[in-house]
Amino acid sequence: MAETIDLAIGGVQTTALTALPAIGDSVPGVVITFHRGGLDEFTAWLVDDLAANGYAAIAPNHYHVLPEGVSLDDRRDYLTDEQMALDIETSADWLASQSRVDADRLGLIGHCMGGRTTLVGLASFPERWRCGCDWYGGRLFNTMGNVPSPADRIGDIACPVAGFFGNDDTDPSPDDVDRLDALLTGHGIQHEFHRYDNAGHAFMNFTSENHRETPAQDSWTKALDFLERHLK
């Protein structure tokens with residue numbers, strides 16, 4: 001079961017969800033950068049299922065920057081790519097500090113806003129990651145803070161990337177996915193994209209009305225295969 005731990009990020013004390021495999025030493029690790037719903041049932045499931053598949057997992061609480069009473073609809077006024085990158089770096093450090101984790105085999109994954117943040121983390125700390133998975137990360141061409149957009153930083157990524165997208169999504173739209181595909185190709189970054197008909201944004205999130213069982217299962221199966229190839 002996912003466990004809530006205290007996590008110090010810079011000078012702020014916040015929380016994270018973590019889980020380690022029941023057995024095994026020198027296991028790979030995965031940082032999960034969460035979707036709009038935060039540290040909810042879906043994020044806890046991701047942490048648990050990764051642990052069940054042999055990965056140490058941690059999902060930091062990015063919403064520690066939100067003042068009390070701020071709704072998720074207004075979250076973008078407070079979230080920045082600089083802070084999200086610091087959250088990710090601290091989480092990777094936590095994994096590296098665990099005696100059962102191989103710090104040289106780390107991956108980064110995320111859904112929705114976490115898909116976008118996955119690209120931010122891969123570009124910010126390229127030396128840390130063996131691979132990354134992005135589910136329908138939108139606003140790729142928009143800035144959040146004082147650093148360039150994820151699209152403008154694609155060339156800094158130094159590991160393979162897997163992407164999972166719904167063809168009925170509007171953010172990212174199929175055209176946005178094409179542009180991301182072209183950027184990765186232009187920079188010579190190994191990647192594989194999987195696109196699903198009759199699926200929109202959040203198709204993997206079983207707490208969402210947009211959940212679609214077949215592409216959800218298929219994308220997770222493909223992601224676990226991708227992680228195994230690059231982390232195990």
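The values are calculated or read from the model by the stated rules, or taken from the named source; none is laboratory data. This is a predicted model, so every value here is computed, not measured. Methodologically, a virtual Cβ is constructed for each residue, glycine included, from the backbone with ideal geometry; neighbour enumeration extends over all protein chains shown. Note: areas computed on protein heavy atoms with side chains; ligands, DNA, RNA excluded. Shrake-Rupley method; radii C 1.70, N 1.55, O 1.52, S 1.80 Å.
Points to keep in mind about this one:
- In the set His194, His211, only one residue is surrounded by fewer than 17 Cβ atoms within 10 Å (Cβ to Cβ), at pLDDT 95 or above, assigned to a loop (DSSP other than H, G, I, E, B) and touching a Phe, Trp or Tyr at 6+ places or on another chain (Cβ under 9 Å); that residue is His211.
- Considering region 41-78, and only residues there that are hydrophobic (A, V, I, L, M, F, W, C), open to solvent by 10 Å² or more (accessible area, probe 1.4 Å) and touching a Phe, Trp or Tyr at 6+ places or on another chain (Cβ under 9 Å), the residue that is farthest from Ile23 (Cα to Cα) turns out to be Val70.
- Any hit, region 81-104, residues being open to solvent by 40 Å² or more (accessible area, probe 1.4 Å) and assigned to a strand (DSSP E or B): yes
- With respect to the conditions (1) surrounded by fewer than 21 Cβ atoms within 10 Å (Cβ to Cβ); (2) small (Gly, Ala, Ser); (3) without any contact (Cβ under 8 Å) to a residue 60 or more places away in the chain; (4) under 23 Å from Gly121 (Cβ atoms), Gly163 falls short on a single one, namely (1).
- Looking across region 168-180, the residues that are open to solvent by 50 Å² or more (accessible area, probe 1.4 Å) and either in contact (Cβ under 8 Å) with a residue 12 or more places away in the chain or in contact with a Cys (Cβ under 9 Å, 6 or more places away or on another chain) (or both) come down to Asp168, Thr170, Asp171, Arg179.
- Checked against the criterion of being touching a His at 6+ places or on another chain (Cβ under 6 Å), assigned to a strand (DSSP E or B), crowded, with 21+ Cβ neighbours inside 10 Å and touching a residue at least 40 places away in the same chain (Cβ under 8 Å), region 112-120 has no qualifying residue.
- Some residue of region 137-144 being touching a residue at least 40 places away in the same chain (Cβ under 8 Å), of a type in the set (A, V, I, L, M, F, W, C), crowded, with 19+ Cβ neighbours inside 10 Å and under 15 Å from His111 (Cα atoms): yes
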